[in-house]
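Chemist: I have a structure I would like to understand better, so I am pasting it below and will then ask my questions one at a time.
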Amino acid sequence: MSFDLVLFGGTGDLAWRKLMPALFQSFRHGTLPEGGRIIGVGRDDLSHDQYREQIRSRFDSVDNSKRPNPEEFARFAALLEFQRMDLSKPDDYAALNTMLEERNADSVVMYVATAPALFTTVCEQLAAAGLNGFKTRIVLEKPLGHDLASNRAINETVRRCFTEKQVFRIDHYLGKPSVQNLFAMRFGNALFEPLWRREHIANIQITMAEDLGVETRGAFYEKTGALRDMVQNHALQLLCAIAMEPPINAHADAIRDEKLKVLRSLKPWTAETLSQHVIRGQYSAGKVSGVPVPGYREEMGVSPDSQTETFVALRTEITNWRWAGVPFYIRTGKRLAGRDAHIVVNFHATPHPIFNTPVGAVNKLVINLQPKDGLELHLLAQSQGNRSKAASQSLAPVQLDLDFDKRFGSERVGAYERLLLDVLDGRLNLFVRSDEQEEAWRWVEPMIEHWQSDTTGPRPYAAGTWGPSAASAMIARDGFCWSEES
Ligand code: BG6
């Protein structure tokens, strides 16, 4: 099946860092459908060959194992073309139309990897030029808006120009093998489902920690912050995957209907929970892996008195029969003690203790998302070595450790590679529907409004730590602690 993939923002950061490497990997693995053409779109005046050369030079900074050799690149480059466009000019879309009609590929993908401010313009212009026909799919990168109203406005325009089935809203976390494994663990195995409820689970913690700072994206991040950058999308998608009911089948809408129900069941915020259950922080200078790093306010593109949060920790509940009363904690931040994303499901303690167990030891399931990908089941067991009476009544923690990288290593594909192939295949399962997105915005908006009127600003935390101590105090008030403190 032939395809044309039009990459708006073809000379931009996302295209260089993620999309081209992913397309190349797929090409190398032989999974990219035959008969493809990738058209980079940008404002520069480049020939096809100049564009190919730009891309080739960018591969120099890609991890060695993922870098093409000259012969491979020459074959990959044959798929690449460049089209100069001013995205506000109808004539340029007409020229694109002509270019696509000449080839008449079986499917056309419009990947909008531009600045978000251009999303609606691109959609409207594509529709006006008749480039929204049934064989066209459109891919939209996050962030889609900066609050509920702007998200709705974008989605309304998108809906006017395309049917929902044509729209692929990317949340790259859904493409990660570890997140797909989460679905597989829950809905491909019967073992956990009976335990997956309030009667057995004491609390669930989602941590998405990064050791990197804002790098070169200071100006973007200033307007965005951790809540919009990570919580509204990635963290809530993980929460949905962990909390949703089993879908009736594996089709896109069945999955998305269940995720939507979770988002609708999130406990509404009150003045009290906003002040007690949400902690925002901002990194100050510190050390990450022993190396001194500047504070957020010293980063390029960041205001010296910035109030933007680089850390959020929050507590919420899901108000339905399965989860009522179970706290869900979400935590994400930049310049934390390490790069570590995981979910911890803490089970209740035994109802009546007959052994001595280490303080705070409970059964838990740890779902490692990155850098490790796997499952750890923490149990308590008797060590056989010591025959004293005290020892025979004492239990020690042990764990079953499944490492999916070791087991499936070479078969795994990266998030963007997987998602791009799904778009080419027309599979919407791992993409976000507009109603999910709007519901997520509806839920985060009270936090944004609360912060706007709260002049205390984010709490400072030293780079290289686990964030402000208030985040530990918040969870401690419920009698729990974060996974690294247990
Ligand atoms: C992006 C955010 O969506 O996700 C970045 O905009 C963040 O700020 C990134 O660094 C994290 O993704 P990953 O795959 O590195 O965990």
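Chemist: Considering only residues of segment 224-240 that are within 10 Å of the ligand (Cβ to nearest atom) and touching a strand residue (DSSP E or B) at 6+ places or on another chain (Cβ under 7 Å), which is farthest from Leu212 (Cα to Cα)?
Modeler: Among those residues, the one meeting the criterion is His234.
Chemist: Kindly establish whether Val262 is buried (at least 17 other Cβ atoms within 10 Å of the Cβ), over 21 Å from Pro294 (Cα atoms), among the β-branched types (Val, Ile, Thr) and touching a Cys at 6+ places or on another chain (Cβ under 8 Å).
Modeler: yes
Chemist: Continuing with this model, one more query. Go through (1) modelled with pLDDT of 95 or more; (2) over 15 Å from Arg331 (Cβ atoms); (3) among the polar types (S, T, N, Q) and name the single condition Ser289 misses.
Modeler: (1)
Chemist: Taking the stated definitions as given, is Val139 outside any loop (DSSP other than H, G, I, E, B), within 22 Å of Ala341 (Cβ to Cβ) and either within 16 Å of the ligand (Cβ to nearest atom) or of a type in the set (Phe, Trp, Tyr) (or both)?
Modeler: When the stated conditions are applied, Val139 does not pass them.
Chemist: Among the residues of segment 432-451, which ones are away from the ligand (no atom under 15 Å from the Cβ), closer than 13 Å to Val167 by Cβ and not acidic (Asp, Glu)?
Modeler: Matches in segment 432-451: Arg433, Ser434.
Chemist: Would you say Asn429 is free of Cβ contacts under 8 Å to residues at least 60 places away in the same chain and either more than 16 Å from the ligand (Cβ to nearest atom) or touching a Cys at 6+ places or on another chain (Cβ under 7 Å) (or both)?
Modeler: For Asn429, the condition - free of Cβ contacts under 8 Å to residues at least 60 places away in the same chain and either more than 16 Å from the ligand (Cβ to nearest atom) or touching a Cys at 6+ places or on another chain (Cβ under 7 Å) (or both) - is not met.
Chemist: Sort through Arg186, Arg152 and tell me the only one that's farther than 30 Å from Ser107 by Cα and either more than 16 Å from the ligand (Cβ to nearest atom) or buried (at least 17 other Cβ atoms within 10 Å of the Cβ) (or both).
Modeler: Sole residue among the options that is farther than 30 Å from Ser107 by Cα and either more than 16 Å from the ligand (Cβ to nearest atom) or buried (at least 17 other Cβ atoms within 10 Å of the Cβ) (or both): Arg186.
Chemist: Here's a follow-up. Name every residue in segment 213-237 that is of a type in the set (S, T, N, Q), modelled with pLDDT of 95 or more and over 18 Å from Ser150 (Cα atoms), in order of residue number.
Modeler: Gln237 - this is the single residue of segment 213-237 that is of a type in the set (S, T, N, Q), modelled with pLDDT of 95 or more and over 18 Å from Ser150 (Cα atoms).
Chemist: Mind checking which pairs have a first residue in segment 453-465 that is on the phi > 0 side of the Ramachandran plot and a second that is small (Gly, Ala, Ser), Cβ under 7 Å, 6 or more apart or different chains?
Modeler: Qualifying pairs under 7 Å: Gly464/Gly286; Gly464/Ala337.
Chemist: For the subset of segment 155-172 comprising residues that are within 19 Å of the chain's Cα centre (by Cα) and over 16 Å from Met110 (Cα atoms), which member is farthest from the ligand (Cβ to nearest atom)?
Modeler: My answer is Asp171.
Chemist: Between residues in segment 336-352 that are charged (D, E, K, R) and residues that are away from the ligand (no atom under 15 Å from the Cβ), which pairs lie under 9 Å by C-beta distance while being six or more apart or on different chains?
Modeler: Every condition considered, the pairs that remain are Asp340/Glu484.
Chemist: Given the conditions (1) away from the ligand (no atom under 13 Å from the Cβ); (2) more than 18 Å from Met230 (Cβ to Cβ), which single one is not true for Pro177?
Modeler: (1)
Chemist: Only one of these conditions is not met by Val413: (1) within 20 Å of Leu274 (Cα to Cα); (2) within 22 Å of the chain's Cα centre (by Cα); (3) of a type in the set (Val, Ile, Thr). Which number is it?
Modeler: Just one mismatch for Val413, condition (1).
Chemist: Take segment 301-334 and flag every residue that is part of a strand (DSSP E or B) and under 11 Å from Met230 (Cα atoms).
Modeler: Phe311, Val312, Ile330, Arg331, Thr332, Gly333
Chemist: Which of the residues that make up segment 428-459 are buried (at least 16 other Cβ atoms within 10 Å of the Cβ) and either at pLDDT below 95 or not in a helix (DSSP H, G or I) (or both)?
Modeler: The answer is Leu428, Asn429, Leu430, Phe431, Val432, Arg433, Pro458, Arg459.
Chemist: Same structure, new question: Of all residues in segment 189-217 being in a loop (DSSP other than H, G, I, E, B) and charged (D, E, K, R), which is farthest from the ligand (Cβ to nearest atom)?
Modeler: Top of the filtered list is Glu199.
The values are calculated or read from the model by the stated rules, or taken from the named source; none is laboratory data. This structure is a prediction, so every number in the text was calculated from the model and none was measured. As a convention, Cβ positions derive from the backbone with ideal geometry for all residues, glycine included, and neighbour counts pool all protein chains shown.
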